[in-house]
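Read the figures in this text as sums done on the coordinates, not as results from a lab. Note that the structure is predicted; figures quoted are calculated from it, not measured. Backbone-built Cβ (ideal geometry, glycine too); neighbour counts: all protein chains shown.
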Amino acid sequence: MTVSIIIKTLDDEKRIARTIETALKALPDGQGEVIVTDLGSRDRTTEIAAGYPVRLAQIARPARFRSGAGAQLGYQYAQHDFVCMIEGDMELDPGFLKEAIHFLDRHPRSGGVTGHIETAASANGFASDNRIGSVDQLAGGGLYRRRAVDAIDYMADRNLHGYEELNLGIRLRSTGWKLHRLDRPFARHHGRDARSRDLLLQQVRTKEPFGIGELLRAATGKPYFYRLLRDLPELGMLALASTFILASAVLLATLPGMTQPALIIAAGLAVAVGITSYRTGRLKTGLYTVIVRFLQAVALPVGYITPRRNPRSWIESRILGEPDAEVSRETDQAMTGYDAGLAKVTH
């Protein structure tokens, strides 16, 4: 039994070479495969990746950009019994996979395992989850047992702009599989530009704030829906943000003039930023967090009502570096959002 390593990429030209090199080095006894899945990079990511002995798959229309599509795209091409998921700006620890496979061999009801993620210093100030033992999700990536994923039909929901690991984790746990974090390194994560302005622009460009609404929509009617609500502490913050937005609208509509309601709203925002900054330890992080929560509060209902495609359906894609490869797709025109007129790919 060996491993398929899936590397999800989007504009990762600065890090993709190192990511691929560490992935190839980490393959147990050099056996297995590395699959790079690209969600539409506009830089040299695919050009650089093509210089390595990897399979390079790129999403193609009518499939649409979603962070969940990157994982599922790689999974549909994976050939081995274990699947390791990493991002295009991570360096996989060379000894992790052997130890992780050994752990899964000894624990047949464990569906996935991860380790510590060392995060490069950045201004966003968010620390990775370092709990050891049983966990709710393999946040940041890890090694999954293919048999466990096959049992729940698909790896990642192609409709999600975020939270795909939480979605996968809760679906696995709802069917009796366990997830575990080892007390050892998994990967080093370099992350994006540390400036809060750029992080916010990335959130807008990738439509990440819609992720919570899409996640809730995906779980609606499922037996794990209420478990998901318990696993989403952000919902409390989003409820406060939504209440603040509604209260601000009421103040603007009822109080005379603009000065008084503007001062009240500004004071409320200052309090929110102050409390969040105190909890995170940095003013910049506090401001960034508050803005993101407001974006998510506004985007949640939109994400919830957005039409979905069947998460089990084949993700349209092309294999780069293989001139004769055609766009792969299922004939699922009946699914919402499918437009056969977009199926042609320009090379």
Sum of side-chain charges, A17 neighbourhood, beta-carbon under 13 Å (Lys, Arg +1; Asp, Glu -1): -2
Formal net charge of residues neighbouring P311 (Cβ-Cβ distance under 9 Å; K, R +1; D, E -1): +2
Charge context of F82, other residues only, Cβ under 13 angstrom, K/R +1, D/E -1: -1
Entries in K25/K207; K14/K222; K207/K284; K14/K98; K98/K222; K14/K207 that, when Cα-Cα distance is taken, lie over 32 Å: K25/K207; K14/K222; K98/K222
Antiparallel DSSP beta bridges within the chain, as percent of all bridges there, nearest 5: 40 percent
Overall form of the range 3-193 per C-alpha gyration tensor (a/c, 1.5; a/b vs b/c): rounded
The chain, relative contact order in percent, only Cα pairs under 8 angstrom and at least six apart counted: 19 percent
Mean residue ellipticity (222 nm) of the chain, computed from DSSP H runs ≥ 4 via -39,500 (n - 2.57), nearest 500: -13000 deg cm²/dmol
More than 27 angstrom apart: percent of Cα pairs within the chain: 49 percent
